[in-house]
1. So, of the residues in the stretch 43-85 that are hydroxyl-bearing (Ser, Thr, Tyr) and in contact with a Ser or Thr (Cβ under 6 Å, 6 or more places away or on another chain), which turns out to be modelled with the lowest pLDDT?
2. Checking LYS247 against (1) open to solvent by 30 Å² or more (accessible area, probe 1.4 Å); (2) basic (Lys, Arg); (3) within 20 Å of MET263 (Cβ to Cβ), only one condition comes out false. Which one?
3. Among the residues of the stretch 205-253, write down those that are farther than 30 Å from GLN277 by Cβ and under 20 Å from the mean Cα position of the chain (by Cα).
4. Hey, any hits in the stretch 94-104 for a residue that's free of Cβ contacts under 8 Å to residues at least 24 places away in the same chain and over 16 Å from TRP159 (Cβ atoms)?
5. Restricted to the stretch 143-164, and to residues that are at pLDDT 95 or above and not basic (Lys, Arg), which residue is farthest from the chain's Cα centre (by Cα)?
6. Taking into account only those residues within the stretch 326-349 that are out of contact with any Ser or Thr (no Cβ under 7 Å at 6 or more places or on another chain) and open to solvent by 50 Å² or more (accessible area, probe 1.4 Å), which is modelled with the lowest pLDDT?
7. Exactly one condition in (1) open to solvent by 30 Å² or more (accessible area, probe 1.4 Å); (2) of a type in the set (D, E, K, R); (3) in contact (Cβ under 8 Å) with a residue 12 or more places away in the chain is not met by ASP242; state its number.
8. Name the single residue, out of those in the stretch 63-88 being under 29 Å from the mean Cα position of the chain (by Cα) and either without any contact (Cβ under 8 Å) to a residue 12 or more places away in the chain or more than 22 Å from SER130 (Cβ to Cβ) (or both), that is surrounded by the most Cβ atoms within 10 Å (Cβ to Cβ).
Amino acid sequence: MKPLIIIVLFLTIASAVFGQIVCTNPITGSNPGANNPYTTGQTVNGNLTVSGIGRGSGIGKVDAANQYAADGWPESGSLGANDYFYFTLTPSSNYWINLSSFVYTSQSSGGPNNFAVRSSLDGFTSNLGSPSATGGNITLGGPDFTHITTPITFRIYGWSGGGGNFAINDFTFNGSVALPIQLINFNVIQDQNPIITWATLSESDNSHFILERSREGEDFIKINTIQGKGTTDAKNEYAYTDVTPYKGTNYYRLKQVDYDGTMTSFGIKSAYVTVDQIEVYPTLMQDLIRIEMPKTNRPIQWSISNSLGQQSLKGILALGEVKDAVSVQQLTPGTYFLSLKTQYGQEVFKLIKL
């Protein structure tokens, strides 16, 4: 039983140190180098996209079985800017990558004797680990290789040797791909003071949430900051009541911020607040204006005229309609007046086209 206990203990420690496999490829087949990049046979985390293994423009393919081989490596001096194998990892939207190690095996057949692994995080300027002709076990932990939300590329450079081949036999990236929080719902309860609610199943390094509001669903402003729970596996529920909503439609957006400032945005929800008077916005218009009003029992005629009283646009809000979006893109910059003929009389709003 003792050997079994030792093996289990080793696997447990290895898992803690190196994390889970997020991408791996044993590189098998009759001629993998015929593809640039080569993706056949790779296993990838479902929330990650990986380019496979590819090569820079300075080296050429070599036909070989069960390895990704190339020739044309620099025979002396230093590494060449275009002489490398590469791998690009891209997390799915709202996910991040935490990388712990990059492990690969390789072989040089009369090829380069010097090697370097570098990443796009610093523009491929710093060496990572101490790779050799037979491979590398590159430790990647630390803040630089955690919470990665954009594509990251690794390159293996080789130089200074004979004119032979250098090949990668297999490669594995270890770590994790996760959401900063597990958001299980985000809703808005319709009311004259809309109630915005959300809940998390777990949180990791969650500093706070930012709740934003927009009148048109485009330009959002912050209306509140809500503290997060840091790191927890417990379910947490949040709620905020908007006591100063816009009349008409309100759009709400939720953002989550980590302790290191990394920010993730979630979907947009809307709520309608009953209008008790006519609302026209924006008065400094560009492409659209919006008209919102109490429900009406008769059609509403509207028109837009310039400062000389010349009518430029007109239309009708249908019976029972409470809002409309009017295109003003065709108007030239200047001052205009929107006239609304309602059952209670006529109302005029001054507008400026930018």
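The values are calculated or read from the model by the stated rules, or taken from the named source; none is laboratory data. Keep in mind it's a predicted model, so treat the numbers as computed, not measured. Note that we place each Cβ from the backbone using ideal geometry, even for glycine, and neighbour counts take in every protein chain shown. Accessible surface areas use protein heavy atoms only, side chains included; no ligands, DNA or RNA. Shrake-Rupley method; radii C 1.70, N 1.55, O 1.52, S 1.80 Å.
1. Result: SER76.
2. (3)
3. Of all residues in the stretch 205-253, those farther than 30 Å from GLN277 by Cβ come to 205-210, 225-238.
Residues satisfying the conditions are ASP205, ASN206, SER207, HIS208, PHE209, ILE210.
4. No - not one qualifying residue is present in the stretch 94-104.
5. TRP159
6. Out of the qualifying residues, it is TYR344.
7. It is condition (1) that ASP242 fails.
8. Of everything passing the filter in the stretch 63-88, THR88 is surrounded by the most Cβ atoms within 10 Å (Cβ to Cβ).
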